[in-house]
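A quick write-up on the structure given underneath.
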Amino acid sequence: MKFCPNCANTLSLKIPVDDSRERYVCDACGSIHYQNPRNVVGTIPMYGKQVLLCRRAIAPRHGYWTLPAGFMELGESTSAGAARETLEEAGAIVDIGPLYSLLNVPHAEQVHLFYLANMSKLEFSAGEESLEVALFHEHEIPWDELAFPTVKQTLEWFFADRAAGLFDEGKEFHVRSRDVLISEKI
C-alpha cells in the first residue's frame, strides 16, 4: 500500500500506539490500514460415493483440478459463500453440511474452509471459472493434477474419514485443521 484510501496521502509503515505490529498509517488523517487474511470457502460436493471436482479455467493453476471454492464476499456467511461458489464454479446446488476442514495458509495470506455438501440431483455444469466439472470415485481422483495443497489435504482427510466410518449416522467427527505452508508460489 502506498496511498491512503481515505484521503490519498502517502502512507507510512510503522507500529501504531497501543499496537505491536507494523501497519500502514496515514500521518495526514490518522487512519490505520489493517491487512488481514482472505477467506476461501468451498465444499466437498458428494453424490453417492463420488466427489465433484472442477478443472480450473483461470490462473493460478489453470487446467488443474480443485474442489469448488473461492473468496468469501462481504455480507455472506462462510457456508453461504461455499454454496455460492459451488453453484458458480460447478453449476451444482448443494445442501451444506458441517464445516469439515479449516486450513491456514499464511504464505498466501488466506484461510481455506471446506464444508461437507450433498448434491440431491445429478445436475452440474462448468461455470465461467471451470473448463469442466466431473464426478470422481476415490480411486479416480487425479491426485497429481490437483491445484492446491489444501484441496489435496482435505480430500485425503475426507476419504480416510469416510473409510473409517466417521460419516455414518450417529458418529461424531471434529473439524480437521492445520497450518499449511505452501512452498511454491501459485
**Request:** Among the residues of the range 87-134, write down those that are without any contact (Cβ under 8 Å) to a residue 40 or more places away in the chain and of a type in the set (D, E, K, R).
**Result:** 95, 121, 123
**Message:** Pull out all pairs, ordered by first then second residue, where Cβ-Cβ is under 9 Å, the residues are six or more apart or on different chains, the first lies in the range 30-43 and is without any contact (Cβ under 8 Å) to a residue 40 or more places away in the chain, and the second is polar (S, T, N, Q).
**Reply:** 31/6; 33/6
**Message:** Quick check on residue 155: is it part of a loop (DSSP other than H, G, I, E, B) and either of a type in the set (Phe, Trp, Tyr) or in contact with a strand residue (DSSP E or B) (Cβ under 8 Å, 6 or more places away or on another chain) (or both)?
**Reply:** no
**Prompt:** Of all residues in the range 97-126, how many are surrounded by fewer than 16 Cβ atoms within 10 Å (Cβ to Cβ) and of a type in the set (Ser, Thr, Tyr)?
**Reply:** 2
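Rundown of residues vs (1) in contact with an Asp or Glu (Cβ under 6 Å, 6 or more places away or on another chain); (2) modelled with pLDDT of 95 or more; (3) not charged (D, E, K, R), yes/no style:
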residue	(1), (2), (3)
65	yes, yes, yes
70	yes, yes, yes
76	no, yes, no
92	no, yes, yes
117	no, yes, yes
122	no, yes, yes
129	yes, yes, no
133	no, yes, yes
141	no, yes, yes
**Message:** Given the condition assigned to a helix (DSSP H, G or I), surrounded by 14 or more Cβ atoms within 10 Å (Cβ to Cβ) and either touching a His at 6+ places or on another chain (Cβ under 7 Å) or not charged (D, E, K, R) (or both), answer yes or no: does some residue in the range 162-177 qualify?
**Reply:** no
**Item:** Sole exception among (1) of a type outside the set (A, V, I, L, M); (2) in the same structural domain as residue 173 (by TED's automatic domain parsing); (3) more than 23 Å from residue 146 (Cα to Cα) for residue 16, by number
**Value:** (2)
**Message:** For the range 13-70, give me the residue count where each residue is more than 23 Å from the chain's Cα centre (by Cα) and polar (S, T, N, Q).
**Reply:** 2
**Complete:** Going through the range 1-37 in order, the residues found to be surrounded by 12 or more Cβ atoms within 10 Å (Cβ to Cβ) and basic (Lys, Arg) are 14, 23
**Request:** Would you mind stating whether residue 56 is touching a residue at least 40 places away in the same chain (Cβ under 8 Å) and touching an Asp or Glu at 6+ places or on another chain (Cβ under 8 Å)?
**Result:** yes
**Item:** Selected residue (only one of 120, 101, 130, 125 is in the same structural domain as residue 47 (by TED's automatic domain parsing), within 15 Å of residue 40 (Cα to Cα) and of a type in the set (S, T, N, Q))
**Value:** 101
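The values are calculated or read from the model by the stated rules, or taken from the named source; none is laboratory data. The model shown is predicted, which means the values in this text are computed figures rather than measured ones. With ideal geometry, Cβ positions are generated from the backbone for all residues, glycine too; neighbour counts draw on all protein chains shown.
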